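The values are calculated or read from the model by the stated rules, or taken from the named source; none is laboratory data. As the structure is a computational prediction, the values presented were derived from the model and not from experiment. Glycine gets a Cβ as well: all are built from the backbone with ideal geometry, and neighbour counts include every protein chain shown. Side chains included, ligands, DNA and RNA excluded: accessible areas come from the protein's heavy atoms. Shrake-Rupley method; radii C 1.70, N 1.55, O 1.52, S 1.80 Å.
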Amino acid sequence: MRFSTIVALAGAVSSVQAIGQLAFNLGVKDNQGNCKSAEEYKHDFSILSSYTKKVRVYAASDCNTLEILGPAAEEAGFTVFFGIWPNDDAHFQAEQDALKTYLPNIKKSTVEAITVGSEALYRADLTAQELSDKIDTIRDLLKDVKDSDGESYEGTQVGFVDSWNVLVDGGSRPAIQSADFVFANAFSYWQGQTQNNASYSFFDDIMQALQTIQGIKGETDINFWVGETGWPSEGTAFESSEPSVDNAHAFWNDAICAIRGWGINVIAFEAFDEAWKPDTSGTSDVEKYWGVWDADNKLKYQLSCDFSS
Ligand SMILES: *[C@@H]1O[C@H](CO)[C@@H](O)[C@H](O)[C@H]1NC(C)=O
């Protein structure tokens, strides 16, 4: 790891903001696999509100997320990163229709940003140029949409979220250039890291991604969040990575709290365990257990960070 680079970048970031913000990725299905109702979202927000007033969701039209969650979030005083699935034409069109129909029901200030695609480059669903074009499409669409106060959504930030490694790979450049912001995901767990090396690896990944984005944007003062990170509390080990509540808590302290201490914002993956996800073979049986709260809304470990050290 290029430690000197990391220290320099952290200094640049933390001079802008002392402690990074915290948000949560939020699932949109209940334990039975039904799309959440406004009441269920309100209950989620009441639990989350001691820790954050920001959530991220992955789509606008799936589960009618924008229609149902948007007003519930606004009422609870939350802001939302809304995702858009850009992968196939029909889905992308449905997402655009949802924006046009339901953004007028909420205030512009409730929309933290629009993220076009979630690891679309990592999965090679789109080329960087295709993603760039879709970011431009959404930015253009927003100019013609007004919020509940009649204010135009023009100027709302439109960007994307992808895995750190495809961001540092030069091929992502066209998408990074056209995005207003780029958030990086990094999962030490899926890199098979030991608990001891997990936070080192996380810092290294995120700092490489941040450095790449800052380089392409030509400035250090950028809107940047870790888009997803976390550690599962249950399931089968992946290489040297072992799921457990203790390891998830350790990753929270050593990686999430620590990088926030350096001024980097984090959207933790994820708020609640998703019991509806199917039991599958091999390592995918961790998929239900990424929540900081379990499926009964019980907090698995303390989330307080010690920023004094
Ligand atoms: C720790 O993580 C770094 C960065 O990902 C990696 O290069 C290194 O090989 C890892 N060390 C061990 C002992 O696994």
**Prompt:** Any idea which of Asn31, Gly83, Ser178 is furthest toward the positive side of the dipole for the chain, if Lys and Arg beta-carbons carry +1 and Asp and Glu beta-carbons -1?
**Reply:** Ser178
**Message:** Through the Karplus equation 6.51 cos²θ - 1.76 cosθ + 1.60, θ set to phi - 60°, convert the phi angles of the stretch 196-206 into ³J(HN,Hα) values in whole Hz; use x for Gly and Pro.
**Reply:** 4, 9, 5, 6, 4, 4, 4, 4, 4, 4, 5
**Complete:** Checking rank on 243-249, 106-112, with mean other Cβ inside 10 Å and highest first, the result is 106-112, 243-249
**Fill in**
Note: the stretch 89-173 at 25 °C, 0.890 mPa s; Kirkwood Rh on alpha carbon pairs; Stokes-Einstein D in µm²/s works out to 179 µm²/s
**Request:** Please list, or write none, the aspartates and glutamates whose alpha carbon is within less than 14 Å of the alpha carbon of Lys277, excluding same-chain residues fewer than 8 places away.
**Result:** Asp30, Glu234, Asp285, Glu287, Asp294
**Prompt:** Antiparallel as a % of all DSSP beta bridges within the chain, to the nearest 5?
**Reply:** 15 percent
**Request:** Compute the distance in nm between two label points, each set 7 Å from the Cα along the Cα-to-Cβ direction, one at Ser240 and one at Asn64.
**Result:** 4.9 nm
**Message:** Compute the distance from the alpha-carbon center of the stretch 232-309 to that of the stretch 120-152, in whole Å.
**Reply:** 30 Å
**Message:** Restricting to DSSP loop positions (anything but H, G, I, E, B) with no more than 12 other Cβ atoms inside 10 Å of their own Cβ, which GluC sites (Glu not before Pro) remain in the stretch 198-258?
**Reply:** Glu219, Glu239
**Fill in**
Whole-number value, in Å³ per residue, for the convex hull of the alpha carbons of the chain is 129 Å³
**Message:** Taking a virtual spin label 7 Å from the Cα of Trp276 along the C-beta vector, which residues in the stretch 49-63 bring their backbone nitrogen under 18 Å of it?
**Reply:** 56-63
**Message:** Just to check, using Stokes-Einstein with a Kirkwood Rh over alpha carbon pairs, what's the diffusion coefficient of the stretch 153-213 at 25 °C and 0.890 mPa s in µm²/s?
**Reply:** 197 µm²/s
**Fill in**
The size of the Cβ-based charge dipole (Lys, Arg +1; Asp, Glu -1) of the chain about the Cα centre, to the nearest 20 debye, is 700 debye
**Complete:** For the stretch 3-268, the count of lysine pairs 8 or more apart or interchain whose alpha-carbon atoms are under 16 Å apart comes to 16
**1.4 Å probe accessible area per residue over the chain, in Å²** = 41 Å²
**Fill in**
Expressed in nanometres to one decimal, the distance between label points 7 Å along Cα→Cβ at Asn105 and Glu39 is 1.7 nm
**Request:** Express the carbon and sulfur contribution to the solvent-accessible surface of the stretch 3-268 as a percent, rounded to the nearest whole number, probe 1.4 angstrom.
**Result:** 46 percent
